[in-house]
Amino acid sequence: MDIDEGFMKHVLRLAKKGLGSTSPNPLVGALVVKDGQIVGSGYHKKAGAPHAEMEALSKAGERAKGATLYVNLEPCNHYGRTPPCTKAILKSSVRKVVVGIVDSNPHVTGGGCQFLSSHGVEVKRGVLAEECTRLNEVYIKYTTKDKPFVFVKGALTLDGWIATQTGNSKWITGEKSRKFVHSLRKRVDAILVGVETVIVDNPLLTPYLTRRSASDPFRVIVDTNLRIPLNSRVLDSPKSALTIIAVGSNVSRTKTKKIEGLGARIINCQIRDRRIDLTDLLDELAKMSISSVLVEGGATIFGSMIRQGLVDKFYIFLAPKILGGDNGVPFARGPGCDIIKNCLPLNILMVRRFDDDIMIEAYPKR
């Protein structure tokens, strides 16, 4: 590992401190290094807060003169909620800027690096680009596709079932696995389930197993015909966790008013094969500045997401349990492929163990 890669790894660790807090902004860390020593550091904490570069330069002060600035994402060169970082970089007299990746936002991409280069600052790009891209995969998809990044989480027995024939699934995985899932919930803008999951499990859908943050993710319920019970916990929970219910056009106005009176939001979506069109739903969520969605069930939603090519990353938990029959609830409902070579191939990123459970983190190959 060369010096630049070593410092960029440190930058990435700083950037990760903002997980779950910066949306719809990216995760960014920054270091000011002079004579091989770190003289300033920072990370972006939340939208509207100072950018990582500004924090690092502020801490470095006069020591930034002639130093090198490391940042995982190209410094901004435009006015948003905060002034452009490029001008602060020039004012600090930093000699060199080392960048992981350019900004994916098509309106600004490359502008920051070009501005700095044109004003005499040496710019080096592409250091640990793969790692930097993966860290901001949500931001990159949201800014380039105008759609949320979709995570799918499933917990399966070793013989492939997510619940028994009665719908019981508590608990397939152990406590450490469930705590990790709650840490995932804290990182995303929204958690999505089908109404059947609400009816059977009556989940809260908040990261209650972790330390609570200032706000909880949105809870999105896919409920074509508005079957959700009025006493569901997602309708009677902390006001910081807004519930969104996606319905078709032909639902009871009386029940709609009752649910809205409980503080939930109803959105009408297009219908596809007599169910909510999930592509249309994701488009609606994007309009609400929701950049990431964690899909937690159930089998019908999983199947539709997979067949429509809407999944960006899988978290599959395998527990050392055998249902031992053919009457459980499968991971995905609906028609699958006809031959094995047409199965959805995955690119496995990581395999991790939580006590006796195994988690596979993977991207679909497209």
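Restricted to the stretch 335-357, and to residues that are under 20 Å from PHE302 (Cβ atoms) and touching a strand residue (DSSP E or B) at 6+ places or on another chain (Cβ under 7 Å), which residue is surrounded by the most Cβ atoms within 10 Å (Cβ to Cβ)?
Ranking the qualifying residues of the stretch 335-357, first place goes to ASP357.
Could you check the stretch 50-147 for strands (runs of 3 or more DSSP E) lying wholly inside it with 2 or more residues that are within 24 Å of the chain's Cα centre (by Cα)?
Of the strands (runs of 3 or more DSSP E) lying wholly inside the stretch 50-147, those with at least 2 residues that are within 24 Å of the chain's Cα centre (by Cα) span 68-73, 96-101.
Just to be sure, is LEU226 over 23 Å from the mean Cα position of the chain (by Cα), at pLDDT 95 or above, over 29 Å from ASN136 (Cβ atoms) and not charged (D, E, K, R)?
So LEU226 fits the description; yes.
Looking at VAL102, VAL71, VAL138, VAL98, which one is among the β-branched types (Val, Ile, Thr), touching a strand residue (DSSP E or B) at 6+ places or on another chain (Cβ under 8 Å) and under 27 Å from LEU294 (Cβ atoms)?
VAL138
Out of VAL123, VAL102, I need the residue that is closer than 29 Å to VAL188 by Cβ and either modelled with pLDDT under 90 or open to solvent by 30 Å² or more (accessible area, probe 1.4 Å) (or both). Which one?
So the residue among VAL123, VAL102 that is closer than 29 Å to VAL188 by Cβ and either modelled with pLDDT under 90 or open to solvent by 30 Å² or more (accessible area, probe 1.4 Å) (or both) is VAL102.
Return the residue satisfying two criteria in turn: it lies in the stretch 300-349 and is aliphatic (A, V, I, L, M) and free of Cβ contacts under 8 Å to residues at least 12 places away in the same chain, and of such residues it is farthest from LEU135 (Cα to Cα).
That would be ILE339.
Six or more apart or on different chains, Cβ under 7 Å: which pairs go from a residue in the stretch 256-272 that's free of Cβ contacts under 8 Å to residues at least 12 places away in the same chain to one that's assigned to a helix (DSSP H, G or I)? Could you list them?
The qualifying pairs are GLN270/ASP280.
The rows are residues; the columns are (1) modelled with pLDDT of 95 or more; (2) in contact with a Leu (Cβ under 6 Å, 6 or more places away or on another chain).
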{"residue": "VAL98", "(1), (2)": "yes, no"}
{"residue": "GLY112", "(1), (2)": "no, no"}
{"residue": "ALA129", "(1), (2)": "yes, no"}
{"residue": "LEU135", "(1), (2)": "yes, yes"}
{"residue": "ALA155", "(1), (2)": "yes, no"}
{"residue": "THR173", "(1), (2)": "yes, no"}
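Filter the stretch 312-334 for residues that are assigned to a loop (DSSP other than H, G, I, E, B), more than 22 Å from the chain's Cα centre (by Cα) and small (Gly, Ala, Ser); which is surrounded by the most Cβ atoms within 10 Å (Cβ to Cβ)?
Restricting to residues being assigned to a loop (DSSP other than H, G, I, E, B), more than 22 Å from the chain's Cα centre (by Cα) and small (Gly, Ala, Ser), the top hit is GLY328.
Could you list, in sequence order, all residues of the stretch 26-45 that are surrounded by fewer than 23 Cβ atoms within 10 Å (Cβ to Cβ) and part of a loop (DSSP other than H, G, I, E, B)?
ASP35, GLY36, LYS45
The values are calculated or read from the model by the stated rules, or taken from the named source; none is laboratory data. All values reported here derive from a predicted model rather than from experimental measurement. All Cβ positions, glycine included, derive from the backbone under ideal geometry; neighbour counts span all protein chains shown. These accessible areas exclude ligands, DNA and RNA; they are computed on the full protein's heavy atoms, side chains included. Shrake-Rupley method; radii C 1.70, N 1.55, O 1.52, S 1.80 Å.
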